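In what follows, a single structure is set out as structure tokens and then discussed.
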Amino acid sequence: MKFETRAIHDGQPPDPATGAVIVPVYQTSTYEQDAVGRHRGFEYSRTGNPTRTALETALASLEGGRHGLAYASGVAATAAVFSLLSPGDRILAGTDLYGGTYRLLEKIFRKWGIDAAYVDASDPEAVAAAADDRTRMIWIETPTNPLLQLADLKALAVIARERAITLAVDNTFATPFFQRPLEEGADIVVHSTTKYLGGHSDVVGGAVVINDDKIHSALQTYQNAAGAVPGPWDCWLVLRGIKTLAARMKVHDENARRLAGFLEKSPAVERVYYPGLAGQPGHELARRQMTGFGGMISFDLKGGFAAVERFLEALKLFILAESLGGVESLVCYPPRMTHGAIPSEERRKRGIGDGLIRLSVGIEHPDDLEEDLRQALEKIEKR
Ligand SMILES: *Cc1c(COP(=O)(O)O)cnc(C)c1O
């Protein structure tokens, strides 16, 4: 079956007890056992809950994987994947990275003896050169946050497989509608379901999807043992979100293409980062590897932070907020918001300049979104 159909049906048949068409919110912590140790598949809701099982089945289906696991947040899902490593192991992570992933590696896992090294993941040769004997995992985003750089999943999967390294991909920005890393050879896919999968800025959650039974079993043990599980309401909200994922992503993509083209022509804008624009370094790869470019755009404003302040103040429709992937358009200033956890010197080295703005383009009418950007850019120029 096709993606759109699986998103609505996989893991979500009508409730066998009542015929309810929508998977119920099983708001229960525990389950009756018919005799000691004889239960009907569920014992305790940290270990398993039917609403969560429905979500985990649906997530696996969307990513084309065998197993899905849901977590209380994207970083909880990331921490679960890092827990597969042992002290002395090294993780090779892409330089352009979600700030919270960087914080988790540097502030939490480093002191447990897991070493993180960073490499430009858009350059497979650099990744191959940096993968030493201790490297047990390669962790990448594509497109990256916030600079929307592309990494070649097939090439990295070959490099990882040759060296028996696990390749993990944070697929939050692309979503499985536009890109399925497991099909390109990755071992693990991670999501912040807070973003496009939830899609309505009303829930925090995370997910991991894998094919390998051994990795699944290790992650399941960690999920139950460490306990960062989502409650049934949160699972239900994500399930509701993914039913419309395909429909929403088409509009996010269409709107973002138009706004990226508009921004590229603005004299107030130094540079636009969007894989859908011809001439961008990742454009050809994006066309091969993805079926759409997504709804995230970053750009450098001329005039640094002073221009940023004027621009943000002038926006009427774009809401200044962290996060992304909801139906409403958001704007964020990565240096002081999502990427504030990265020291300023390190940030500049990574190409995150003082004029960088990130847009999460929503599904409002593109005329209104373009007009909002136009009037705000004009106000910078007038000063
Ligand atoms: C938001 C985000 C995360 C973290 O997810 P939370 O749900 O906020 O914990 C991880 N990776 C990417 C790319 C993100 O955008």
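At a 10 Å Cβ-Cβ cut-off, how would you order 102, 274, fewest neighbours first? Please report the intermediate quantities before stating the final value.
Details: 102 20, 274 27.
Sorted ascending by nearby Cβ count, the order is 102, 274.
A 27 angstrom limit on the alpha carbon distance is what I want to check against. Which of 107/349; 154/265; 111/349; 154/243; 107/302; 154/250 exceed it?
The answer is 154/265; 154/243; 107/302.
At what distance in angstrom do the alpha carbon centres of segment 247-268 and segment 31-104 lie from each other?
Each part reduced to its Cα centre gives a spacing of 34 Å.
How far apart, in nanometres, would the label points at residue 40 and residue 327 be if each is projected 7 angstrom from Cα along the Cα-to-Cβ direction?
For the pair residue 40/residue 327, the computed spacing is 3.5 nm.
Counting helices only, and only those DSSP H runs with n ≥ 4, report the 222 nm mean residue ellipticity of the chain as the sum of -39,500 (n - 2.57) divided by its residues, in deg cm²/dmol to the nearest 500.
Theoretical 222 nm ellipticity from helices: -11000 deg cm²/dmol.
Check the straight Cα-Cα distances from residue 2 and name the aspartates and glutamates below 17 Å, setting aside those fewer than 8 residues away within the same chain.
Result set, ordered by chain and number: 10, 63, 183.
When we measure straight from the Cα of residue 379, which aspartates and glutamates land under 13 angstrom away, once same-chain ones fewer than 8 places off are left out?
Result set, ordered by chain and number: 309, 313, 371.
Mind checking the angle between helix 213-226 and the chain's longest principal axis? C-alpha axes, 0 to 90 degrees, to the nearest 10.
Approximately 90 degrees, to the nearest 10.
Taking the number of other C-beta atoms within 10 Å as the exposure measure, put 61, 73 in order starting with the fewest.
Result, fewest neighbours first: 73, 61.
Tilt of helix 50-63 relative to the longest C-alpha principal axis of the chain, in degrees (0 to 90, nearest 10)?
50
List the residues, sorted by chain then number, that are 5 or more residues from residue 170 or on another chain and whose placed amide H is less than 5 Å from its amide H.
So residue 170 has HN proximity to 140, 141, 142, 190.
Mind checking the full-extension length gain between residue 309 and residue 258? Use 0.36 nm per residue of separation minus the Cα-Cα distance, one decimal, nm.
Contour length minus Cα-Cα distance gives 16.0 nm.
Ranked by Cβ crowding within 10 angstrom, fewest neighbours first, how are 78, 57 ordered? Provide the component values of the computation, followed by the final result.
Details: 78 25, 57 18.
Listed from fewest to most nearby Cβ atoms, that is 57, 78.
Compute the distance from the alpha-carbon center of segment 175-220 to that of segment 340-371, in whole Å.
24
Taking a label point 7 Å from the Cα of residue 161 along the Cα→Cβ vector, which residues of segment 208-238 have an amide N closer than 20 Å to it?
Only 209-216 fall inside the zone, counting backbone N under 20 Å.
On a full-extension model of 0.36 nm per residue, what is the gain between residue 368 and residue 133, subtracting their alpha-carbon distance, rounded to one decimal in nm?
79.3 nm
Mind ranking 237-246, 365-374, 203-212, 332-341 by how tightly packed they are, going by the mean number of other C-beta atoms within 10 angstrom, highest first? Walk me through the intermediate numbers first.
On the way: 237-246: 22.1, 365-374: 15.4, 203-212: 24.4, 332-341: 19.1.
Descending packing order for the listed peptides: 203-212, 237-246, 332-341, 365-374.
Given a Förster distance of 45 Å, report the FRET efficiency between residue 337 and residue 221 from their Cβ-Cβ distance, rounded to the nearest 0.05. It would help to have the intermediate numbers written out before the result.
Numbers: r = 35 Å, r/R0 = 0.78.
Efficiency at R0 = 45 Å is approximately 0.80.
Under the definition of Cα pairs under 8 Å and six or more residues apart, what whole-number percent is the relative contact order of segment 3-243?
25
Stretch residue 346-residue 202 to full length: gain in nm at 0.36 nm per residue minus the Cα-Cα span?
Fully extending the segment from residue 346 to residue 202 adds 48.6 nm.
If you line up the long axis of helix 366-382 against the longest principal axis of the chain, both from Cα atoms, how many degrees apart are they, to the nearest 10?
40
Looking at the chain, what % of its DSSP beta bridges pair antiparallel, to the nearest 5?
In the chain, approximately 55 percent of DSSP beta bridges are antiparallel ones.
Values in this text are rule-based calculations from the coordinates and carry no lab data. Since this is a predicted model, take the numbers as computed values, not measurements. Virtual Cβ from ideal backbone geometry, glycine too; neighbours counted across all protein chains shown.
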